[in-house]
1. Quick check on my filter: what residues within the range 252-309 are among the polar types (S, T, N, Q) and farther than 23 Å from Val335 by Cβ?
2. So is Thr252 at pLDDT 95 or above and either touching a Gly at 6+ places or on another chain (Cβ under 8 Å) or open to solvent by less than 50 Å² (accessible area, probe 1.4 Å) (or both) or not?
3. If a residue has to be at pLDDT 90 or above and open to solvent by 100 Å² or more (accessible area, probe 1.4 Å) to count, how many in the range 30-45 make the cut?
4. Can you tell me which of (1) at pLDDT 95 or above; (2) farther than 19 Å from Phe195 by Cβ; (3) crowded, with 16+ Cβ neighbours inside 10 Å; (4) not hydroxyl-bearing (Ser, Thr, Tyr) is the one Ala347 doesn't meet?
5. What are the residue pairs meeting all of these: first residue in the range 111-131, first residue farther than 21 Å from Phe41 by Cβ and small (Gly, Ala, Ser), second residue at pLDDT below 85 and open to solvent by less than 70 Å² (accessible area, probe 1.4 Å), Cβ atoms under 8 Å, and 6 or more apart or on different chains?
6. If Leu165 satisfies all but one of (1) part of a loop (DSSP other than H, G, I, E, B); (2) surrounded by fewer than 21 Cβ atoms within 10 Å (Cβ to Cβ), what's the number of the condition it fails?
7. Checking Asp219 against (1) charged (D, E, K, R); (2) open to solvent by 50 Å² or more (accessible area, probe 1.4 Å); (3) at pLDDT 95 or above: exactly one of these is not met. Which one?
8. Report yes if Arg318 is of a type in the set (Lys, Arg), at pLDDT 95 or above and touching a strand residue (DSSP E or B) at 6+ places or on another chain (Cβ under 7 Å), otherwise no.
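The values are calculated or read from the model by the stated rules, or taken from the named source; none is laboratory data. Source: prediction; values computed, not measured. We place every Cβ from the backbone using ideal geometry, glycine too, and count neighbours over all the protein chains shown. These area figures cover heavy atoms from the full protein model, side chains too; ligands, DNA and RNA do not enter into them. Shrake-Rupley method; radii C 1.70, N 1.55, O 1.52, S 1.80 Å.
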Amino acid sequence: MAVVVQNSEGWVLNACSLIDQGYSHCIRWRNGRKSQVKCRFKRQCFQILKSHYCVNASVAVEGGNTDMLQKVNKPSKVNPVPQNYFTSIRSVILEGSKSLVDSARYLGYLTGATDTVTEPLPLQECSLAALCEMAKELPLVDEEEQEERTQSLAAEDGCTSHVDLFSRVTENREDEATVVTLMGEEYVIPPHTAFLLSDFTRIQPLVHYGTKFDLIVMDPPWENKSVKRSRRYSSLPSSQLKRLPIPQLASTNCLVVTWVTNRPSHLRFVRDELYPHWGIEVVAEWFWVKVTTSGQFVFPLDSPHKKPYEVLVLGRYRSSADTSISSSETPEVPVEDCRLIVSVPSALHSQKPSLSEVLKLYVGAEATCLELFARSLQPGWTSWGNEVLKFQNSSYFALTPDTQFYPHIICL
């Protein structure tokens, strides 16, 4: 079950099951031949078994995958969260998390009783951002000269050699997930999904896509020292986020959700500068609480540096210049403040849980949804980013032949 618990405090999510929802039916194209396969995201990516606690200036983590639990051998240089802000939310996180985790345990989840997968984490090198840089050398196609603004993922024989991922929105229009080869790598693409692989300089095809979105979720590559040291991905100065064409992409009353680090300057920037710049009214602040498979915080709640939660700032697009009608045609549902999303985090760096299930109450089941700075795809969503296919690489999935699938035979 993807949504394990839902109550007045928030939700407990099974993040891995959320991913699997998009792959109940999956076909695989190889050498022009189609076969049915079973597809599941690898379970070892969500085996965070132990909490991360400092003992004598060091950390000992035994068992499970702990890539996202950074070992600390000396005091962190990260600016601590201001005490007055932390004090104001501490009880909300502590009491709300206890209520949600207790409810989940009653249902047999977050008890620590999980099958341990001993296989190592997939270590797929992502070269998508570098390919986006190379694509900048290609001439831009004038929108008036471009015959089609979108393109199908694959032809009837599964051929993907014609697909231009960098200058047109690519769609999987099928009712089932598809495993295809793109740029020499195999990727698993969910059904009814659309994506554009590009950076800021090539975002216009998304604007020309012609869709106004009722929900926009973004996970910006915030600047910080640890990212610069690790070189995991390119960061972006906060001021550059204002260049995103949100008013051209958002429908009236569009719900905009931004993942924010615990750095105070980033939170202030989103609330006081970025959202007002786009004509977005802040309506709520939520918290993603990260726990182990036994329901413990992954970091000490009272640590002055690393925290076991991340912030989401939710707002509604209120531009008076936009007279368009929300495509969902659903009356606006008030968004409650200080809700919690509790889940076991991925051991893969920067992989966030899907918000589709928890947000559909506020935008409607038929809402058009967009993710910016995406590193994965979701069924029914449009996604954009320079690593938009990162976690769709087949190395992150367990793909096995579906022996229960038999083609229909028509007897004449």
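1. Selection gives Ser265, Thr292, Thr293, Ser294, Gln296, Ser303.
2. Considered against the rule, which asks whether it is at pLDDT 95 or above and either touching a Gly at 6+ places or on another chain (Cβ under 8 Å) or open to solvent by less than 50 Å² (accessible area, probe 1.4 Å) (or both), Thr252 comes out as no.
3. Qualifying residue count, the range 30-45: 1.
4. (1)
5. Ala129/Tyr233
6. So the condition that Leu165 fails would be (2).
7. (2)
8. no
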